[in-house]
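**Student:** This is the structure I want to talk about, given as structure tokens.
The values are calculated or read from the model by the stated rules, or taken from the named source; none is laboratory data. Owing to the predicted nature of the structure, the values given are computational and were not obtained by experimental measurement. Quick reminder, even Gly has a Cβ in these numbers, built from the backbone with ideal geometry, and neighbours come from all protein chains shown.
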Amino acid sequence: MADPKGFLKVGREVAQRRPVEERVHDWNEVYPGGMGRSLLPIITEQAGRCMDCGIPFCHQGCPLGNIIPEWNDLVWRDDWEGAIDRLHATNNFPEFTGRLCPAPCETACVLGINQDPVTIKNVEVSIIDKAWESGFVRPQPPEWLSGRTVAVIGSGPAGLAAAQQLTRAGHTVAVYERADKVGGLLRYGIPEFKMEKKHLDRRVEQMKREGTVFRAGVDVGGEDLTGDSLRERYDAVVLAMGSTVARDLPVPGRELGGIHQAMDFLPQANRVALGESVQGQIRADGKHVVIIGGGDTGADCLGTSTRQGAASITQLEIMPEPPTERPAGQPWPTYPMTFKVSSAHEEAGERVYAVSTQEFLGDEDGNVRALRLVDVVFEGGKLTEIEGTEREIPAELVLFAMGFVGPEKPGLVEQLGVDLDARGNVARDGSYMSSLPGVFVAGDAGRGQSLIVWAIAEGRAAAAAVDTFLTGSTTLPAPIPPTARPLVV
């Protein structure tokens, strides 16, 4: 145990963000000097708040099974190299999860039963950021090659995790990405102010030095490489292309100009923030922006619109406003649905709950000018509109951030002919294998839209299954079964 009285002496303290008036004028991370660096002055004491409880429920809360009490203790003892060793034992990319994961481990922390939980996420990101600065993160190329080849389709967190594990096991791995650069949503879906892409780039460089081959700009399932050719060329295939079919809102006026999916808007903004030029970019400058969807993607749209100079921003959510405290029906250690304030919500915008969009209203040029809303209530599991609450709000740019409904079917999925489950995801068995022998599925393509921490966990587990398929056994860890469901979606 780190400090036996730490949780009694020290209160919870988290990283302080840069002032709003400063950060809204740039695209850098909202934490001064990077999240991990800004935490270092306080993080040793925060790690000492860990109680080393008899049953660490933080393990249960984390899909990766991170050995949290151990690396808390090592940080408190100033053994940063030991801490990153324990952290990397379960998590390939803690710099991603430490910035982007909603930290279900913290809501499962035993200290959180009657006090503020340990700042597990903050300790995690401090460990990895200090490890990079100190040279503790090194390539780990395999000692021998198996002679087996694996194709990983998709370079998001699930694909990267699977590829790194399989490369280190000695297989020859090629990662295919249809975008011009690898990273999936980590690169083009996550804004710079949440995670600067230097963190992604140095991981990709590490993987290249280990032997992983990256082939960006290749549309697998299209003219570049067919499903049949893929199976002929490789001994195994891992489908990790994510859940990319966005949920739509088919109400009157949907055809008007100025209405876009979030994933049409965010990637363009990310490219421009990184110095690229985007012709015909969707922009929020001087416009009344309405974001439909109250989750993280909606918050990303909000922060991006703020930095582009929107005249006003309204974020709509069909569900009622969640409580600030843990609801009675969501007891510890489950992940509670509570009111959260992201960095983007601190900066601008209005959030409106329990409303439904009835119609998009247009101007004489065929562009959206307003939304007609109505208040709603859920009664007996049914959504009911409240009479007399109809109203209009100005909207010159509407962004859909309502989630995703599964992987794209045309192209590779149809060419392979793999079975789908009842939710439209690629079906897989207890070893992550699809209905086709040698074709495995990891991440959102198989489980549906979920969290980055689940994607990495599934990538690691699928890699172990692939290694077993190719060699008859494996020494790779397999943290979770594919039937496990997320604590939060």
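**Student:** Please enumerate the residues belonging to the range 193-211 that are among the aliphatic types (A, V, I, L, M), farther than 23 Å from G147 by Cα and part of a helix (DSSP H, G or I). Show your work before the answer.
**Tutor:** Just the residues of the range 193-211 that are among the aliphatic types (A, V, I, L, M), to begin with: 195, 200, 204, 207.
After this cut, where a residue has to be farther than 23 Å from G147 by Cα as well, the list is 195, 200.
L200 - this is the single residue of the range 193-211 that is among the aliphatic types (A, V, I, L, M), farther than 23 Å from G147 by Cα and part of a helix (DSSP H, G or I).
**Student:** Looking at the range 159-185 only, could you name the residues that are within 19 Å of the chain's Cα centre (by Cα) and farther than 30 Å from S277 by Cα?
**Tutor:** Selection gives A161, A162, A163, Q164.
**Student:** Now for a separate question. Kindly indicate whether V418 is in a strand (DSSP E or B), aliphatic (A, V, I, L, M) and surrounded by 16 or more Cβ atoms within 10 Å (Cβ to Cβ). Before you say what the answer is, go through the steps one by one.
**Tutor:** Working: in a strand (DSSP E or B): no; aliphatic (A, V, I, L, M): yes; surrounded by 16 or more Cβ atoms within 10 Å (Cβ to Cβ): yes.
No; evaluated as a whole, the condition is false for this residue.
**Student:** If we scan the range 383-398, do we find a residue that is in contact with a Ser or Thr (Cβ under 7 Å, 6 or more places away or on another chain), in a loop (DSSP other than H, G, I, E, B), of a type in the set (A, V, I, L, M) and surrounded by 15 or more Cβ atoms within 10 Å (Cβ to Cβ)?
**Tutor:** No.
**Student:** So which residues in the range 235-273 are surrounded by fewer than 19 Cβ atoms within 10 Å (Cβ to Cβ) and free of Cβ contacts under 8 Å to residues at least 60 places away in the same chain?
**Tutor:** P250, E255, D264, V272
**Student:** Another question, then. How about the range 421-448: which of its residues are in a loop (DSSP other than H, G, I, E, B), buried (at least 16 other Cβ atoms within 10 Å of the Cβ) and under 23 Å from the mean Cα position of the chain (by Cα)?
**Tutor:** N425, A427, R428, Y432, A442, G443, G448 - these are the residues of the range 421-448 that are in a loop (DSSP other than H, G, I, E, B), buried (at least 16 other Cβ atoms within 10 Å of the Cβ) and under 23 Å from the mean Cα position of the chain (by Cα).
**Student:** Moving to a separate point now. Can you tell which of E321, E346, E359 is surrounded by fewer than 18 Cβ atoms within 10 Å (Cβ to Cβ), assigned to a loop (DSSP other than H, G, I, E, B) and acidic (D, E)? First the steps, then the outcome.
**Tutor:** On the way: E346 fails: assigned to a loop (DSSP other than H, G, I, E, B); E359 fails: assigned to a loop (DSSP other than H, G, I, E, B).
Result of the check over E321, E346, E359: E321.
**Student:** Working carefully through the options V238, V182, find the one that is closer than 28 Å to D296 by Cα and in a strand (DSSP E or B). Please lay out each step first, then the result.
**Tutor:** Numbers: V182 fails: in a strand (DSSP E or B).
Exactly one residue qualifies, and that residue is V238.
**Student:** Which number in (1) among the charged types (D, E, K, R); (2) modelled with pLDDT under 95; (3) outside any loop (DSSP other than H, G, I, E, B) marks the one condition that R485 misses?
**Tutor:** Among (1) among the charged types (D, E, K, R); (2) modelled with pLDDT under 95; (3) outside any loop (DSSP other than H, G, I, E, B), R485 violates only (3).
**Student:** Going through the range 324-340 one residue at a time, which ones are surrounded by 13 or more Cβ atoms within 10 Å (Cβ to Cβ) and hydrophobic (A, V, I, L, M, F, W, C)?
**Tutor:** Listed by number, the residues that qualify are W332, M337.
**Student:** So for the range 253-260 (the condition being touching a helix residue (DSSP H, G or I) at 6+ places or on another chain (Cβ under 8 Å) and modelled with pLDDT of 95 or more), does at least one residue qualify?
**Tutor:** No: the range 253-260 contains no residue that is touching a helix residue (DSSP H, G or I) at 6+ places or on another chain (Cβ under 8 Å) and modelled with pLDDT of 95 or more.
**Student:** Consider the range 211-245. How many of its residues are polar (S, T, N, Q), in contact with a strand residue (DSSP E or B) (Cβ under 7 Å, 6 or more places away or on another chain) and over 25 Å from R423 (Cα atoms)?
**Tutor:** First, pick out the residues of the range 211-245 that are polar (S, T, N, Q): 212, 226, 229, 243-244.
Still in the list and also in contact with a strand residue (DSSP E or B) (Cβ under 7 Å, 6 or more places away or on another chain): 212, 243-244.
Going one step further and asking which of them are over 25 Å from R423 (Cα atoms), we end up with 212.
The number of residues fulfilling the criteria is 1.
**Student:** Which of the residues that make up the range 5-23 are of a type in the set (G, A, S) and surrounded by 14 or more Cβ atoms within 10 Å (Cβ to Cβ)? Spell out the reasoning first.
**Tutor:** Within the range 5-23, the first condition is being of a type in the set (G, A, S), and the residues that meet it are 6, 11, 15.
If the condition is that a residue be of a type in the set (G, A, S) and surrounded by 14 or more Cβ atoms within 10 Å (Cβ to Cβ), then G6, A15 are the ones that fit.
**Student:** So, V278, is that one surrounded by fewer than 16 Cβ atoms within 10 Å (Cβ to Cβ) and out of contact with any helix residue (DSSP H, G or I) (no Cβ under 7 Å at 6 or more places or on another chain) or not? Break it down stepwise before answering.
**Tutor:** Details: surrounded by fewer than 16 Cβ atoms within 10 Å (Cβ to Cβ): yes; out of contact with any helix residue (DSSP H, G or I) (no Cβ under 7 Å at 6 or more places or on another chain): no.
Spelling it out, it is not the case that V278 is surrounded by fewer than 16 Cβ atoms within 10 Å (Cβ to Cβ) and out of contact with any helix residue (DSSP H, G or I) (no Cβ under 7 Å at 6 or more places or on another chain).
**Student:** Further question: Failed condition for F96, given (1) modelled with pLDDT under 95; (2) crowded, with 20+ Cβ neighbours inside 10 Å, with all others met?
**Tutor:** All conditions are met except number (1).
**Student:** With D26, D85 as the choices, which residue is more than 22 Å from the chain's Cα centre (by Cα), surrounded by fewer than 20 Cβ atoms within 10 Å (Cβ to Cβ), in the same structural domain as G11 (by TED's automatic domain parsing) and part of a helix (DSSP H, G or I)? Step through it out loud before you land on a result.
**Tutor:** Numbers: D26 fails: part of a helix (DSSP H, G or I).
None of the others qualify; the one that does is D85.
**Student:** Residue by residue through the range 229-283, note down the ones that are within 24 Å of the chain's Cα centre (by Cα), under 27 Å from Q449 (Cβ atoms) and among the small types (G, A, S).
**Tutor:** Matches in the range 229-283: A240, G242, S243, A246, A262, A269, A273.
**Student:** Only one of these is modelled with pLDDT under 95 and among the small types (G, A, S): G430, G443, G411. Name it. Talk me through it step by step, then tell me what you get.
**Tutor:** Values: G443 fails: modelled with pLDDT under 95; G411 fails: modelled with pLDDT under 95.
Every option except G430 fails the conditions.
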